[in-house]
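Derivation of every value follows stated rules applied to the coordinates shown; laboratory data play no part. These numbers come from a predicted model, not from an experiment. When we count neighbours, we look across all protein chains shown, and the Cβ atoms used for this are built from the backbone with ideal geometry, even at glycine.
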Amino acid sequence: MFWFLAIAVGLLISIADILLLADDKRIGTFIRIILRDVLTINLTSFFLMKNFLNVSNIFMPDAHRPSFTWKYAGLALAVGVVLWCIIGFVKRILKFEYSAPKNNKIALAVKIISTIFFALGLAAYTGTLWGKEAFGDLAADQILINLNSPTEGTDIGVYISLFEGPVLTTLLFTVLFCILVFPNYKVTYEKNEKYVAIFPSIAVRIIALVIALAMLVGGCAFGINKFQLMTLYDAYLTDSSYIEENYADPTTTQLTFPEKKRNLIHIYLESMENTFFSKELGGYFDENLMPELAELTKEGISFSHTDTGFGGPVPTSGSGWSVAAMVNMSFGLPMKVPVDGNSYGAPGNFLPGGTALGDILAEQGYEQSVMFGADATFGGLRFLFQSHGDFQILDHKGVIEKGWLPEYYNVWWGYEDDKLYEFAKTELTRLANTDKPFHFVMETADTHAPEGYLSANAEKKFDTQYANAIHYSQKEAVKFIRWIQAQPFYENTTIVIIGDHLSMASSFFENVSGYKRTMYNLFLNPAKNVADIPESYTVNRDWGPFDMFPSIVASLGIEIEGNRLGIGTNMFSGEKTLIERDGISVVNSELSERSQFYNNNILVKRKTD
């Protein structure tokens, strides 16, 4: 079918060429025209699909969906029409004729509307392509939440790629569209030694409007499909009582602390997932990108979704980006779309009705600090950690204020991980000398999409920058953890290491298929009462990021009444998680829907508080 249509399109253009443009009516000429058109149209179409549309296996139609054949036929037909027009203009059988402009306000309005529609549609299309490349599987809820959150501290490279990509492309093609639409001209065809109009000015305007409408509808439909924007219907209009029915309130759940409170170090490794391990270890790649981390994991407890090899939690609704991951692991709740004027970007307004790990430990006298290489204002993280535990915030601005960096220092998202680890050592030393139990949180950034940041100290062992960034980042993380283990305070300290979410470097994973991607996780030196749990508690587990909240609490030797906090389950207890009980599809479906309980008790300060 594919090859039949490919040849048929070439023959169709050849017939139009012979009937309307050919001067010589001999059989030999007809054969030459047919061969020229069929070959030129199909070779050009193959070239465009491979080099501009990034379609692989173009000569293997069976490797694609059935729609591939019709998409190719459409492209080939467009190429054929352009080829026919070029031949016509070269032979001067077709030509443009300028028409004197008329004071026609309706015609001008049509041109302006067409241009606006064309630009909006193209912006939607190119913006979607850019968003998927820059941020991976960006979800609808993340888009809305980010629109309601501060964007200060975003890596400048994101803005540069935005302007170099969709903005520049949209401006260029919109200008070309205007050049074709706004001048008054008509296309004429030579007939009986006279030129007759086949495309008068009004036809040009109508065609331009149709193209613009198609671009608008197609671009918007493409964006809606890729970003799953129809799921916003659930977020605003479909009610679910799932969170309320399964919520264990940390303020009323009895928590029994050990006599000697343990320190907690919680390390979020940006985009670190088990996929990066070798196949023999449960990963996807032939060569292990994380050898040091693999060795370190043998010393602690890691929860896996398999019975062999590395595994971990799956992303759930409202957990797939850094801020949302921290909400899940701190509150035991998804990060949901704000409503009724609420946002995550104001002091005291970050889930004011929720109780986080920082709140619990603050009440117990913990000294708490959080460290990022970026500006903590991004996404509302500053307000999260200020409102829930009064953390000392050592972000990009914070370390500059301390004089640890020059005033105008700015690398990657702020400062790179090489410096993050050195600053973290200084802060941990300070915390250990306060004579209080401490809670230290940090997040790396050098493995952030799309290609990561590669330190000048990194070994370039692999073919891609991202693979080298991953390899170097995990190696430096383990070196930092080895330093912690050598400190006097480590004996009474639990370390939690987890990938905050799946990597968004979509191009790096374009050939990854048939593999369940999960986040890396590890508990080092947990409290004695949970250190020797049965192996059955750690393998073949299905769980989500919100289960980390009670599990972290339990790792400190704190006994949890009912083994549940938020909607999370203490993994050390061996009890079933919500995902194990109900299945991931049910959990994600319920969490994506509107929750009146969440809106009235978590997004706002509760009346009973």
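Taking a ≥ b ≥ c as the square roots of the eigenvalues of the Cα gyration tensor of the chain, is the shape rounded (a/c under 1.5), prolate (a/b larger than b/c) or oblate? It comes out prolate by the Cα gyration axes.
In terms of surrounding Cβ atoms within a 10 Å radius of their Cβ, Y242, Y268 rank from fewest to most as Y242, Y268. Here the simple spin-label model places points 7 Å from the Cα toward Cβ, and for A63 and S585 these points are separated by 3.0 nm.
State to the nearest 20 debye the size of the charge dipole of the chain about its Cα centre, where the only charges are +1 on K and R beta carbons and -1 on D and E beta carbons.
Values: 48 positive and 65 negative charges, 652 e Å.
Taking the Cα centre of the chain as origin, the dipole is about 3140 debye.
For the range 506-566, the set of trypsin sites (Lys or Arg not before Pro) satisfying both a DSSP loop assignment and a count of at most 13 other C-beta atoms within 10 Å is given as K516. By how many degrees, between 0 and 90 and to the nearest 10, does the Cα long axis of helix 27-51 differ from the longest principal axis of the chain? On a 0 to 90 degree scale, this one is about 20. Counted by Cβ distance under 11 Å from N468, the other residues give a net charge of -1, where Lys and Arg count +1 and Asp and Glu count -1.
Its Cα centre serving as origin, the range 489-609 has a Cβ charge dipole (Lys and Arg +1, Asp and Glu -1) of approximately 340 debye.
Counting 0.36 nm for each residue step from I533 to K461 and taking away their Cα separation leaves a gain of 22.1 nm. Taking the Cβ of F523 as the center, what net charge do the other residues with Cβ under 14 Å away carry, scoring Lys and Arg +1 and Asp and Glu -1? Here the count lands on +1. Amide hydrogen proximity for Q368: with H placed 1.01 Å from N in the peptide plane, the residues at 5 or more positions away or on another chain lying under 5 Å are Q392, H439.
I112: net charge of surrounding residues, Cβ under 15 Å, Lys/Arg +1, Asp/Glu -1, itself excluded? Numbers along the way, then the final one.
Values: positive: K105, K111, R205; negative: none.
Cβ neighbours under 15 Å give a net charge of +3.
The chymotrypsin sites (Phe, Trp or Tyr not before Pro) found in the range 8-106 that occupy coil by DSSP, while having at most 15 further C-beta atoms within 10 Å, are F52, F59.
Against the main long axis of the alpha-carbon atoms of the chain, helix 2-20 sits at an angle near 30°. For the chain, find the longest principal axis of its Cα atoms and tell me its angle to the long axis of helix 105-135, 0 to 90°, nearest 10. So the helix axis and the longest Cα principal axis differ by about 40 degrees. Amide H to amide H, with H built 1.01 Å from N, H266 comes under 5 Å of F440, V441, M442, V496, counting only residues 5 or more places away or on other chains. Counting every other Cβ atom within 10 Å of each residue's Cβ, I58, I202, I552 order from fewest to most as I202, I58, I552. Rounded to the nearest 500, the 222 nm mean residue ellipticity of the chain from helices alone is -14000 deg cm²/dmol, with -39,500 (n - 2.57) taken per DSSP H run of at least 4 residues. Which is farthest toward the positive dipole end of the chain among M548, I579, G562, measuring Cα position about the Cα centre, with Cβ charges +1 (Lys, Arg) and -1 (Asp, Glu)? It is I579.
Taking the fewest neighbouring Cβ atoms within 10 Å as the starting point, the ordered list for R382, R26 is R26, R382. For the range 443-492, the set of trypsin sites (Lys or Arg not before Pro) satisfying both a DSSP loop assignment and a count of at most 16 other C-beta atoms within 10 Å is given as K460, K461.
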